[in-house]
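Undergrad: Got a structure here, written out as structure tokens. Questions coming.
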């Protein structure tokens with residue numbers, strides 16, 4: 001910051017006394033305002049730092065308590081089945097679902113599902129799974145999800161994994177859940193990748209394997225996008241929690257596998 005003498009020269013010290021004094025007062029006021037701004041900025045920086053630390057500590061404390069994902073929000077579900085990426089004739093049914101018009105969604109999806117539209121079949125499964133537009137019927141949801149999964153719909157595979165893990169419409173079977181999570185994960189479904197990573201971390205339906213757990217949680221963290229920021233944080237935090245129990249060699253192997261999976265995509 002320039003000295004007062006320099007400012008006087010800048011503003012013309014040789015001018016009339018009254019004009020000079022007025023300018024000096026303006027300079028003094030400006031200095032006070034700048035000092036005030038500096039104090040505010042300093043306090044805000046410290047506050048932001050403290051909040052960031054608090055959030056980080058809270059996230060680390062959560063660890064595995066977040067568990068698996070069972071019922072994603074509508075936005076994520078419609079993304080997972082490719083509404084934007086793969087426009088098909090079932091778009092009208094999904095549009096109705098997003099608007100909360102579940103009866104219309106059911107009416108639009110049912111004839112398409114009957115003719116083999118896998119996206120419509122997935123939506124039928126979702127409607128019965130959540131009891132929207134029709135009574136909740138897990139057995140019927142499983143039937144529709146299976147048909148869509150047979151056609152390679154990742155969202156349907158993910159939901160079958162969830163239903164086997166929960167014993168909804170089928171006997172609880174963690175191994176079968178892992179099978180469906182693995183299929184959906186291989187197709188790039190981030191939710192399935194997350195659940196698969198948790199399964200490996202807990203040894204639920206599969207032998208506990210920190211390398212595979214870290215690998216899939218790492219892949220999931222990279223694939224959660226935009227509105228999935230909370231899920232990305234959860235995946236990263238659980239990945240890091242797993243890493244604390246790994247050797248350096250195991251961590252290197254897990255990172256190698258994650259890189260290779262990304263390249264293969």
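The values are calculated or read from the model by the stated rules, or taken from the named source; none is laboratory data. If you're wondering where the values come from, they're calculated on a predicted model, not measured in any experiment. For neighbour counting, all protein chains shown are included, and Cβ atoms are generated from backbone atoms with ideal geometry for every residue, glycine included.
Undergrad: Just for helices (runs of 4 or more DSSP H) wholly inside the stretch 126-210: which have at least 2 residues that are at pLDDT 95 or above and closer than 15 Å to residue 220 by Cβ?
TA: Where helices (runs of 4 or more DSSP H) fall fully within the stretch 126-210 and carry at least 2 residues being at pLDDT 95 or above and closer than 15 Å to residue 220 by Cβ, they are 154-166, 174-186, 190-202.
Undergrad: Can you pull out the residues in the stretch 105-121 that are under 12 Å from residue 134 (Cα atoms) and not in a helix (DSSP H, G or I)?
TA: none
Undergrad: Ok, one more. Could you pull out the residue among 182, 231, 265 that is crowded, with 17+ Cβ neighbours inside 10 Å and in contact (Cβ under 8 Å) with a residue 40 or more places away in the chain?
TA: So the residue among 182, 231, 265 that is crowded, with 17+ Cβ neighbours inside 10 Å and in contact (Cβ under 8 Å) with a residue 40 or more places away in the chain is 231.
Undergrad: Here is a follow-up. For the stretch 235-249, name all the residues that are touching a residue at least 12 places away in the same chain (Cβ under 8 Å), in a helix (DSSP H, G or I) and either farther than 23 Å from residue 164 by Cα or in contact with a strand residue (DSSP E or B) (Cβ under 8 Å, 6 or more places away or on another chain) (or both).
TA: 236, 237, 239, 240, 241, 242, 243
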